[in-house]
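Remarks on the structure that follows.
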Amino acid sequence: MNTMAAMAKNQFHKSIEDISDQELYYLLLDLIKDKSKGLATNHSKKKLYYVSAEFLIGKLLVNNLLNLGIYDQVEEELQAHGRSLTEVEQAEKEPSLGNGGLGRLASCFLDSIASLGMNGDGIGLNYHFGLFRQFFDNNQQTAKPDDWLGGRTWLNRTETTFTVPFKNGPVSSTLYEIDIIGFKRGERNRLRLFDLDTVNSDLIQWGTIQFDKKNIPENLTLFLYPDDSDHAGRMLRIYQQYFMVSNAAQLIIREALDRGSNLHDLADYAVIQINDTHPSFIIPELIRLLTEDHDFTFEEAVAVVRQVVAFTNHTILSEALEKWPLTDIEAVQPEIANIICRLDRMIKEDFPDNHAVEIIDGSNTVHMASIAIHFGFSTNGVARLHSQILVNSELKAFADIYPEKFSNKTNGITFRRWIMAANPRLAHLIDQSIGDQWHQGISDLSGLSKEKDNKEFINQLAQIKQANKERLAEHLRVSKRIEIKPDSIIDVQIKRIHEYKRQQMLALYIIYKYFDIKNGNRPQTPITILFGGKAAPAYTIAQDIIHLILTLSALIKEDPEVAPYLQVEFVSNYNVTEAEYLIPAADISEQISLASKEASGTGNMKFMLNGALTICTLDGANVEIAERVGEDNIYTFGKSSDEIIDLYANNAYNPQDYYNRPAIKPLVDFIVSSDMIRLGHESQLRRLYEDIKSKDYFMAMIDLEEYIALKDKVYQDYEDQEAWLDKVLVNISEAGYFSSDRTILEYNEGIWHLEVADPE
Ligand code: 26Q
């Protein structure tokens with residue numbers, strides 16, 4: 001490692017003691033990139049391509065050091081010079097090339113694929129600006145561009161370029177790559193991100209996320225999910241998707257040919273997993289390339305595609321099921337539109353009058369999921385309940401035709417990032433108890449249950465939680481100017497802001513608790529409720545929910561009767577880095593979506609692994625968490641998904657019935673009380689109030705009374721620390737199932753059939 005001192009001298013003419021954190025970060029970046037270049041790449045015949053519009057990568061420095069197996073060595077070396085990785089890490093900007101769960105899942109999967117020694121790359125877009133940076137101003141969210149490319153990054157520019165034929169003329173692409181280092185196996189895969197050299201950030205109206213949406217060569221990869229509230233924005237998304245998949249398909253074909261495929265046998269060389277429907281134009285694009293450039297007949301091309309594409313569904317919210325007007329697709333790429341029409345005719349011939357499975361509907365709108373299900377060989381959901389709902393209701397018409405295509409692959413999270421990097425103290429404690437087998441592969445943590453009566457172990461568990469709370473408090477103080485009490489109960493809801501996730505229900509609980517404390521019922525241990533999450537700028541109700549929470553937070557702060565016992569904070573700009581501080585410090589994990597709406601959730605798994613107890617509805621993967629830990633070790637409440645699905649089917653939820661209940665009305669009315677209006681914006685508070693009272697489409701009130709009663713019990717239970725820590729231990733011991741290594745092994749077993757290298 002003497003090289004580090006030499007590199008410092010060489011690059012910065014200074015010693016390690018004297019260079020800045022930024023310089024030290026650049027030095028480590030070079031060092032790791034260099035080491036990574038020397039790693040082997042996987043050459044097995046069949047290769048997976050995980051195509052995704054999002055990769056929510058997070059910082060890579062610590063993860064790469066861990067996976068290279070040189071973290072301790074580098075940290076020691078730095079310490080010898082009075083430096084530390086914790087500080088250096090601050091200089092890294094996180095690539096936020098994703099919105100939420102789906103993008104973070106893709107990144108966990110890449111880590112697991114590489115760490116299991118499978119041949120598989122990610123393919124996506126190199127957005128110049130990731131998900132917007134969130135600020136709060138006047139109790140409102142404001143969005144600013146996230147310039148993650150300023151400075152040096154993990155990207156490597158390659159010589160690879162393709163031509164993408166848009167109707168308005170061809171553009172040429174450039175491929176960038178980020179190495180994905182497998183955990184301690186001397187191998188790497190890659191995340192391949194396509195871009196254009198002509199993108200121009202001067203198009204952005206200074207300081208905003210607005211830009212000229214029509215100048216495609218200059219804006220194509222400028223932003224992740226550009227605002228699609230107008231037609232130009234929606235067109236741009238189609239341009240982005242086609243650009244992504246055309247490059248992906250050309251790359252996949254080229255690599256298969258290089259490895260000896262004649263393309264008729266493409267399925268022996270490639271399997272393409274598409275992350276939701278956003279990459280589903282890859283189906284017509286492969287058909288186009290095979291027929292135009294490789295002498296395939298249409299039927300031959302369809303047959304090949306049907307063997308190589310597999311689809312994962314991540315949502316059952318009907319508004320998130322992607323559909324595009326055929327005319328818009330035509331305007332971007334007429335040949336693709338033509339192929340889609342031809343595929344549509346095939347389906348209409350095979351399944352006459354089955355409108356539920358048609359690709360193009362009566363209004364000439366293309367249903368992306370239909371393309372993916374008919375012309376892929378596999379469709380999977382992301383948690384058992386979600387997959388059941390797909391088969392039994394949302395996608396029933398398809399499952400009836402192709403029962404063999406449908407399966408479940410319950411999501412997982414990479415333990416390398418979500419405990420080894422984010423909570424090293426806990427990782428070490430686990431190592432001391434059960435060894436380090438769990439770092440990779442089937443992560444069995446169940447051996448920890450032997451520590452149940454080990455006072456010393458349990459005590460250390462408690463101390464680690466306390467240390468993580470202090471670390472969070474320090475982080476919030478320095479980076480967000482928020483002061484929290486490190487010895488309070490830390491209760492956390494962090495995720496995208498969406499009505500179905502019901503942040504507004506937790507807000508109504510806070511109003512209840514505010515009244516309760518004013519009535520003299522003071523909590524024994526102070527409570528800190530932390531929110532984090534971004535709202536789509538065009539999603540009005542989500543903006544209003546943020547406003548409600550920020551206003552409540554301000555109101556409680558200025559009330560001396562309540563503030564000593566209850567604190568509410570909205571942590572701005574929630575991202576992977578913030579999650580790494582928040583999750584290890586949490587006592588309580590809020591997973592309170594309206595049953596049937598959250599496909600899986602993956603935050604729920606991260607909290608469990610880090611020793612928080614879950615309060616949840618029986619939705620998504622919560623069901624499987626509850627099943628594993630047993631009812632004594634989790635707090636479940638609320639209507640079942642079957643009941644909710646019935647209510648929607650019969651249009652039988654009437655918000656007034658709930659609003660008029662004596663326990664609920666005062667809470668909802670408080671949103672527009674004079675106290676709130678004094679601190680907030682009346683029109684906005686009123687808009688949310690009216691919505692909850694008269695629409696409440698995601699039924700925030702239906703489970704509210706049960707939620708209130710249960711939350712008070714959770715806080716009460718916390719006071720018996722011995723019993724609480726028993727439950728914490730059960731949660732950690734049962735978390736092994738939720739390793740993304742397990743998930744990836746299941747994808748491989750059931751869908752991909754790649755060669756798996758022997759474990760190291
Ligand atoms: C919709 C229409 C047009 C264009 C884009 C979209 C769009 C974009 C993003 C639809 C959905 C998304 C993101 C979905 C997502 O993040 N889903 C989450 O996926 C996680 C991983 O499987 C699950 O754990 C979460 O439950 C699910 O919400």
(Q) Modelling each spin label as a point 7 Å along the Cα-to-Cβ direction, I'd like the residue 519/residue 396 distance in nm, to one decimal. (A) 4.4 nm
Q) Once fully extended, how much extra length lies between residue 346 and residue 167, figured as 0.36 nm per residue of separation less the alpha-carbon to alpha-carbon distance? A) 61.9 nm
Q.
When the expected Rg is taken as 2.2 N^0.38 Å, what fraction or multiple of it is the alpha-carbon Rg of region 221-359?
A. 1.09
Q.
Quick check: pseudo-label points 7 Å beyond the Cα along Cα→Cβ at residue 665 and residue 87, how many nm apart are they?
A. 6.1 nm
Q.
Past 29 Å, Cα to Cα: identify those pairs from 450/480; 501/606; 47/213; 396/534; 348/695; 495/713, in the order given.
A. 450/480; 47/213; 396/534; 348/695
(Q) Per 0.36 nm of contour for each residue apart, how much would the distance between residue 657 and residue 206 grow if the chain were fully extended, relative to their Cα-Cα spacing? (A) 157.5 nm
**Q.** Cut-off 17 Å (backbone N to label point 7 Å along Cα→Cβ of residue 197), residues of region 211-238
**A.** 217-221
Q.
For a distance above 23 Å, tell me the whole-number percent of Cα pairs in region 341-490 that qualify.
A. 62 percent
Q. Scattering from the C-alpha atoms of region 415-738 alone, worked out with Debye: what is log10 I(q)/I(0) at q = 0.06, 0.10, 0.13, 0.14 1/Å?
A. -0.20, -0.56, -0.95, -1.10
Q) What list do you get for 438, 418, 724 if you sort them by fewest beta carbons within 10 Å? A) 724, 438, 418
Q) Taking N as the number of residues in the chain, what is its Cα Rg relative to 2.2 N^0.38 Å? A) 0.95
Q.
At q = 0.15, 0.18 Å⁻¹, what log₁₀ I(q)/I(0) does region 41-186 have when each alpha carbon counts as one equal point scatterer in the Debye sum?
A. -0.95, -1.23
Q: Sort 499, 358 so the one with the fewest other Cβ atoms within 10 Å of its own Cβ comes first.
A: 358, 499
Q) So if we plug the beta-carbon distance of residue 30 and residue 160 into 1/(1 + (r/R0)^6) with R0 = 25 Å, what FRET efficiency do we get, rounded to 0.05? A) 0.65
(Q) Please compute the contact order of region 415-738 in relative form: average sequence separation of alpha-carbon pairs under 8 Å and at least six residues apart, divided by the residue count, as a percent. (A) 22 percent
Q.
Suppose each label sits 7 Å from its Cα in the direction of the beta carbon; what would the residue 80-residue 365 distance come out to in nanometres?
A. 6.5 nm
Q: Would you work out the charge dipole size for region 34-115 about its Cα centre, treating the Cβ of every Lys and Arg as +1 and the Cβ of every Asp and Glu as -1, and quote it to the nearest 20 debye?
A: 640 debye
Q | Candidate aspartates and glutamates for bridging to residue 557, where Cα separation is under 14 Å - those fewer than 8 sequence places away on the same chain excluded | A | 483, 569, 675
Q: For the chain, calculate the relative contact order in percent as a whole number, restricting contacts to Cα pairs under 8 Å that are 6 or more residues apart.
A: 13 percent
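Read-outs: derived from the displayed coordinates by stated rules, not from any lab. If you're wondering where the values come from, they're calculated on a predicted model, not measured in any experiment. A quick note on method: Cβ atoms are made from the backbone with ideal geometry, for glycine too, and the neighbour counts reach across all protein chains shown.
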